[in-house]
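Asker: Dropping a structure here in structure tokens format, bear with me for questions.
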Amino acid sequence: MNEGRSSLKTIAITYAVLYLLVVGNLVVALAGVSGFWALFVAVSIAGLQTLVVALFSMELLRSRRSIGVVAVVAPLFVLLLVCLTVVDVYTRQPPPLEVPPVDRSLPSPPP
Amino acid sequence: MNLAVPKLQHHFEDLPKQAHAARLGMWLFLASEALFFSGLFTLYAAYRAHYPEIFREGVAHNDLVLGTVNTFILLTGSLFLSLALWALRAARRALSVLLTAATGLAGLVYLIIKATEWAHHMAEGIFPGGRGRFFVENPEPAWAIFYTSYYGLTGFHAIHVTVGVGILAWTAWWMHRERVGPAAAYKLAIVGLYWHFVDIVWLFLWPLFYLLRNPA
């Protein structure tokens, strides 16, 4: 089996989609979408871009299965780490990330 | 001796298996890199969940234009590299050298813009670790956390871009010297894997540090 070998047409379509997704992400931000939905849309678009880059630019679609296993397992571990940590931070009482105020004022001049 | 044809190492049966092993090795390396960056992204996510308002203000304080220009530059660099690989496989070595060098140049432009952005921040008194006059005027600790995660994530990403630029320059030189030909195109493909990964990391950094700025 030949690994890789994207055609010019595939490359053109891949990057047209990627540029469109960048513009889409920018338009959503400039449209004033905020809060949870802004985060959801932005991260979803970035995830979609990752999928396109991995499948076509990194030629995962035409790679052997052993590479596919690595490419699937690694993001799952990443997702697990991010989700569990954020859930922990959201739900633990008392909040774990309270940072005590630091005195950053400049030292007073000597009398 | 034709250097453009890779030497078959004794522990591989044939060249396709050798090329596959090299690609698998790079994918495993990238998996470890993904875990490294995920730690930093988790830090950002946890603190953003805890201090949403100051993180939003911090994002609004960053330069959206420079961040967006850098996104297009990195994406264009990736396009050049995909075309370079296509050209090398089609035995158009000169074009491939040119496109690989153009990718490295895109990385260099990205670094210059990023350095300009950091210089603007430092002129405002924003230094890593919450040092500088900005944090005297804004004593809320979340500001220091936001900018430290900003410098940390974009800094480690910039280190990866710098390494990528070096590898691209080296690969372009090797191709120019006819040490990498169509039969060894997998070597350029491996460089491409690294560069596309660096691109992916930025595709997440861009919204997190430049786009998510609208008040709830």
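Where a number appears in this text, it was derived from the coordinates with a stated rule and is not lab data. Note that this is a predicted model, so its numbers are computed, not measured. Cβ atoms come from the backbone with ideal geometry, glycine included; neighbour counts cover every protein chain shown.
Asker: Where does helix B:15-50 land angle-wise versus the long Cα axis of chain B, in degrees 0 to 90, nearest 10?
Answerer: Taking the Cα atoms of chain B, the angle to B:15-50 is about 0 degrees.
Asker: Right, here's the next one. To the nearest 20 debye, what is the magnitude of the charge dipole of the protein assembly as shown about its Cα centre, counting +1 on the Cβ of each Lys and Arg and -1 on the Cβ of each Asp and Glu?
Answerer: 1220
Asker: Work out the FRET efficiency for B:Ile159 and A:Phe77 from their Cβ-Cβ distance, taking R0 = 22 Å, and round it to the nearest 0.05.
Answerer: Here the calculated transfer efficiency is 0.45.
Asker: Could you tell me how many degrees, from 0 to 90 and to the nearest 10, lie between the Cα long axis of helix B:141-176 and the main elongation axis, the longest principal axis, of the Cα atoms of chain B?
Answerer: The helix B:141-176 is inclined about 20 degrees to chain B.
Asker: Something else now. Apply the Debye scattering formula to segment B:17-66, with a single equal point scatterer on each alpha-carbon and no solvent, then give log10 I(q)/I(0) at q = 0.13, 0.14, 0.19, 0.26 Å⁻¹.
Answerer: Taken in order of the listed q values, log10 I(q)/I(0) reads -0.54, -0.58, -0.73, -0.92.
Asker: For chain B, with a Gaussian network of springs between Cα atoms less than 10 Å apart, report the residue from B:Leu203, B:Leu188, B:Leu81 with the top mean-square fluctuation.
Answerer: Maximum fluctuation in the GNM of chain B, among the listed residues, is at B:Leu203.
Asker: Output the 0 to 90 degree angle, nearest 10, between the alpha-carbon long axis of helix B:64-89 and the longest principal axis computed from the alpha carbons of chain B.
Answerer: 10
Asker: Between A:Ala12 and A:Arg64, what length in nm is gained on full extension when 0.36 nm per residue of separation is reduced by their alpha carbon distance?
Answerer: Fully extending the segment from A:Ala12 to A:Arg64 adds 16.4 nm.
Asker: Related question: As an exercise, use a Förster radius of 51 Å and the Cβ-Cβ distance of A:Gln93 and B:Ala21 to find the FRET efficiency, rounded to the nearest 0.05.
Answerer: 0.55
Asker: A follow-up question, please. Find how much the distance from B:Glu178 to B:Glu124 grows on full extension, using 0.36 nm per residue of separation minus their present alpha carbon separation; answer in nm with one decimal.
Answerer: Full extension from B:Glu178 to B:Glu124 adds 14.6 nm.
Asker: Report, please, the projected area of segment A:8-91 averaged over directions, based on the convex hull of its C-alpha atoms, in nm².
Answerer: Mean orientational projected area (segment A:8-91, Cα hull): 6.6 nm².
Asker: Where does chain B land at 222 nm, in deg cm²/dmol rounded to the nearest 500, when only DSSP H runs of n ≥ 4 count, each adding -39500 (n - 2.57), divided by all residues?
Answerer: Details: 7 runs with 166 residues, N = 216.
It comes out at -27000 deg cm²/dmol, rounded to the nearest 500.
Asker: To continue, here is another question. Starting from the Cα coordinates of the protein assembly as shown, work out the convex hull volume and express it per residue in Å³.
Answerer: 160
Asker: When the Cα centres of segment B:121-159 and segment B:22-71 are compared, how far apart do they sit, in Å?
Answerer: Using only Cα atoms to place each centre, the spacing works out to 15 Å.
Asker: Here's a follow-up. Binning at 10 Å from 0, report for segment B:34-211 what percent of all alpha-carbon pair distances ends up in each bin.
Answerer: Reading upward from the zero bin: 10, 35, 28, 16, 9, 2, 0.
Asker: Now for a different question. What are the GluC sites (Glu not before Pro) within segment B:1-84 that DSSP puts in a loop, where the Cβ has at most 11 other Cβ atoms within 10 Å?
Answerer: Answer in residue order: B:Glu13.
Asker: Another question, if that's okay. Please give the length that would be gained between B:Ala90 and B:Phe29 if that part of the chain were fully extended, namely 0.36 nm times their separation in residues minus their C-alpha to C-alpha distance (nm, one decimal).
Answerer: Result for the pair: 19.2 nm of gain on full extension.
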